[in-house]
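Enquirer: Sharing a structure below in structure tokens format, with a few things to ask.
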Amino acid sequence: NAGVTQTPKFQVLKTGQSMTLQCAQDMNHNSMYWYRQDPGMGLRLIYYSASEGTTDKGEVPNGYNVSRLNKREFSLRLESAAPSQTSVYFCASSEVQGAGIWTEAFFGQGTRLTVV
Amino acid sequence: QKEVEQDPGPLSVPEGAIVSLNCTYSNSAFQYFMWYRQYSRKGPELLMYTYSSGNKEDGRFTAQVDKSSKYISLFIRDSQPSDSATYLCAMSAANQAGTALIFGKGTTLSVSS
């Protein structure tokens with residue numbers, strides 16, 4: 001059981017280049033999330049998708065776009081990378097949170113992105 | 001003010017010490033409170049969760065939630081070198097479907113043998 005799989009694990013980009021971070025989960029979860037983690041900043045929510053066909057902005061959405069391709073896959077795109085986007089990116093999935101329901105969120109191993 | 005505040009440490013203790021980790025929050029809609037543990041260069045993993053106020057114990061770990069003070073704690077008894085990690089508190093609201101987890105900054109703990 002793979003859980004949440006992120007690709008690639010490492011990436012170096014030049015300023016202005018674009019790329020897509022891929023995330024797939026095999027737990028049949030409805031909700032998926034993208035977070036970034038920076039030193040001293042904890043995990044900050046970029047975008048999330050409560051269910052297939054919906055996406056919502058989180059705390060730090062500027063400079064990113066997302067696509068919920070199907071129930072399994074949720075991608076994060078950087079259209080024009082900037083050094084400020086150097087970070088570790090984590091994808092997570094869970095069942096629907098809220099409305100009296102809670103389930104554990106499972107995280108991928110992260111993508112370490114450096115923009116030079 | 002961020003919704004969730006957590007002292008990032010770092011915190012260094014000797015093996016066998018009792019460790020107390022804390023978070024405060026401002027959003028009264030939060031009902032689910034979690035502690036995640038993250039080892040270096042790994043993704044976070046759920047350690048414990050609590051619904052609403054109260055205590056929950058799991059082995060050497062105890063989670064406490066005081067909603068009246070908007071304050072949560074994680075206690076680690078008889079700490080071990082294997083407990084060295086970053087501990088992140090996380091919260092979510094119960095009144096909205098699809099609400100995402102909101103995390104604190106994380107506290108880095110080092111337990112020396």
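Nothing in this text is a laboratory measurement; each read-out follows from the coordinates by a stated rule. On a predicted model such as this, the values are computed, not experimentally measured, just so you know. Reconstructed Cβ throughout: ideal geometry from the backbone, glycine too, with neighbour counts over all protein chains shown.
Enquirer: Out of curiosity, is A:Ser51 within 11 Å of chain B (Cβ to nearest Cβ), within 14 Å of B:Ala100 (Cβ to Cβ), surrounded by fewer than 18 Cβ atoms within 10 Å (Cβ to Cβ) and among the hydroxyl-bearing types (Ser, Thr, Tyr)?
Expert: The answer is yes for A:Ser51.
Enquirer: Something else about it: Could you tell me whether the stretch B:5-12 includes any residue that is in a strand (DSSP E or B), closer than 21 Å to A:Met41 by Cα and at the interface with chain A (Cβ under 9 Å from one of its Cβ atoms)?
Expert: yes
Enquirer: Quick test for you: out of A:Phe106, A:Phe74, pick the one residue that is facing another protein chain (nearest Cβ under 10 Å) and surrounded by 14 or more Cβ atoms within 10 Å (Cβ to Cβ).
Expert: After applying the criteria, what remains is A:Phe106.
Residue-wise test of (1) of a type outside the set (Phe, Trp, Tyr); (2) more than 27 Å from A:Leu45 (Cα to Cα).
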{"site": "B:Val19", "(1), (2)": "yes, yes"}
{"site": "B:Thr24", "(1), (2)": "yes, no"}
{"site": "B:Trp35", "(1), (2)": "no, no"}
{"site": "B:Tyr39", "(1), (2)": "no, no"}
{"site": "B:Gly43", "(1), (2)": "yes, no"}
{"site": "B:Tyr51", "(1), (2)": "no, no"}
{"site": "B:Asp58", "(1), (2)": "yes, yes"}
{"site": "B:Asp66", "(1), (2)": "yes, no"}
{"site": "B:Thr108", "(1), (2)": "yes, no"}
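Enquirer: Look through the stretch B:13-34, keep the residues that are in a loop (DSSP other than H, G, I, E, B) and hydroxyl-bearing (Ser, Thr, Tyr), and return whichever of them is nearest to the chain's Cα centre (by Cα).
Expert: Looking at residues that are in a loop (DSSP other than H, G, I, E, B) and hydroxyl-bearing (Ser, Thr, Tyr), I get B:Ser26.
Enquirer: Name the strands (runs of 3 or more DSSP E) wholly within the stretch A:9-93 that hold at least 3 residues that are more than 20 Å from B:Lys2 (Cβ to Cβ)?
Expert: A:10-13, A:19-25, A:64-68, A:74-78
Enquirer: Now for a separate question. Would you confirm whether any residue within the stretch B:41-64 is part of a loop (DSSP other than H, G, I, E, B), over 25 Å from A:Asn30 (Cβ atoms) and either in contact (Cβ under 8 Å) with a residue 40 or more places away in the chain or of a type in the set (Asp, Glu) (or both)?
Expert: No, because not a single residue in the stretch B:41-64 is part of a loop (DSSP other than H, G, I, E, B), over 25 Å from A:Asn30 (Cβ atoms) and either in contact (Cβ under 8 Å) with a residue 40 or more places away in the chain or of a type in the set (Asp, Glu) (or both).
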